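Visitor: To start, I am sharing the structure in question, which I have written as structure tokens.
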Amino acid sequence: MQPVSYSIPQRILHWGMALLIFFNLIFADGMEHWHHLVKRGQPVTPDDLASANIHAYVGFAILLLAVVRIGLRLVQGAPQPPSAEPALLRMAAKLTHGLLYVLLFAMPVSGAAAYYFNIGSAGDLHADVLKAVLWLLLAAHLGGALLHQFYWKTDVMARMTRGV
Ligand code: HEM
Ligand code: HEM
């Protein structure tokens, strides 16, 4: 039997993680400043390091919660896509969700490789490629949610918020 809604822990994880991800996407300046200093061989103050560490620890929290979230999904499942959704867009939603899950791991891992092991290519992947892909996927994800809410008028938004 598939559930009709996401469970309360799944919903809390979805929105809590969204906050943490947007925090790291929007407020990455501490980490960027640290990276800039290290690249130029300039001294790093304890304050610079603390700001960079906030980014790193928030990223690790995302990684840890992603493991919990996937575990919960395996145990509790997820609701069926609504029948109002055209087959092609249903596949697009599935692909977007899958890639978002991949990025919940790829972002922290590539960031850690750059931060702790000084791997420049991992930093480029993290800060250029994966960051851009994440923003694109989030735009598509938000677009999908809006389409469901206002065009197809399904209960997709409700099952990730108040529950149905
Ligand atoms: C960083 C931000 C976000 C990430 C990483 C994210 C990720 C995900 C993932 C992976 C799923 C699939 C859940 C599953 O079936 O296992 C999902 C579902 C969902 N998300 Fe997000 N999301 C984010 C932000 C948002 C925002 C801003 C909205 C809407 C305003 C939203 C609305 C929804 C809805 C309505 C669902 C349920 C979709 C369905 O039942 O088919 N999400 N999200
Ligand atoms: C989902 C989690 C994460 C997100 C969304 C994220 C996001 C970002 C963003 C937006 C930037 C700035 C890119 C730019 O415009 O220049 C950045 C840079 C960086 N982040 Fe993360 N990050 C995450 C996790 C981590 C973790 C866990 C670490 C380290 C342990 C880390 C280390 C770095 C480093 C070293 C940079 C600078 C890389 C460079 O400029 O080459 N990040 N991150």
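The numbers here are math on the coordinates, done by the rules we state, and not lab data. Computed from a predicted model, the values in this text were never measured in an experiment. Cβ placement follows ideal geometry from the backbone for every residue including glycine, while neighbour counts extend to all protein chains displayed.
Visitor: Residue farthest toward the positive end of the dipole of the chain, with Cβ of Lys/Arg at +1 and Asp/Glu at -1: which of 43, 118, 83?
Guide: So the residue we want is 83.
Visitor: What Kirkwood hydrodynamic radius do you get for segment 95-164 when you take the inverse of the mean 1/r over all pairs of distinct Cα atoms, in Å?
Guide: 13.7 Å
Visitor: If you average the alpha carbon positions of segment 24-60 and of segment 67-93, how far apart do those two centres end up, in angstrom?
Guide: After rounding, the separation between the Cα centres reads 36 Å.
Visitor: Follow-up question, since we're still on this one. Is segment 74-124 rounded, prolate or oblate when judged by the Cα gyration tensor, a ≥ b ≥ c being the square roots of its eigenvalues, rounded requiring a/c under 1.5 and prolate requiring a/b larger than b/c?
Guide: oblate
Visitor: Where does the chain land on Rg/Rh, using Cα atoms and the Kirkwood Rh?
Guide: 1.04
Visitor: Taking every Cα atom in segment 12-77, find the radius of gyration and the maximum pairwise distance Dmax, and write them in Å.
Guide: 15.3, 50
Visitor: What's the angle, to the nearest 10 degrees (0 to 90), between helix 131-146's Cα axis and the longest principal axis of the chain?
Guide: Roughly 20 degrees between the two axes.
Visitor: With the chain treated as a Gaussian network of Cα nodes joined by springs under 10 Å, which of 82, 46, 108 yields the largest mean-square fluctuation?
Guide: 46
Visitor: What is the local net charge at residue 127, summed over the other residues whose Cβ is closer than 15 Å to its Cβ (Lys, Arg +1; Asp, Glu -1)?
Guide: -2
Visitor: Let me have the relative contact order for the chain, percent, based on Cα pairs under 8 Å that are six or more residues apart.
Guide: The value is 30 percent.
Visitor: Between beta-carbons, use under 15 Å as the cut-off and find the net charge around residue 50, counting Lys and Arg +1, Asp and Glu -1.
Guide: Counting the neighbours of residue 50, the net charge comes to -4.
Visitor: May I pose another question? With axes computed from alpha carbons, what is the tilt in degrees of helix 29-39 against the longest principal axis of the chain, rounded to the nearest 10 within 0 to 90?
Guide: The two axes meet at around 40 degrees.
Visitor: Could you give the length gained on full extension between residue 91 and residue 152, defined as 0.36 nm per residue of separation minus the Cα-Cα distance, in nm?
Guide: Length difference between fully extended and current span is 20.3 nm.
Visitor: Give the angle, between 0 and 90 degrees and rounded to the nearest 10, that separates the Cα long axis of helix 8-26 from the longest principal axis of the Cα atoms of the chain.
Guide: Roughly 40 degrees between the two axes.
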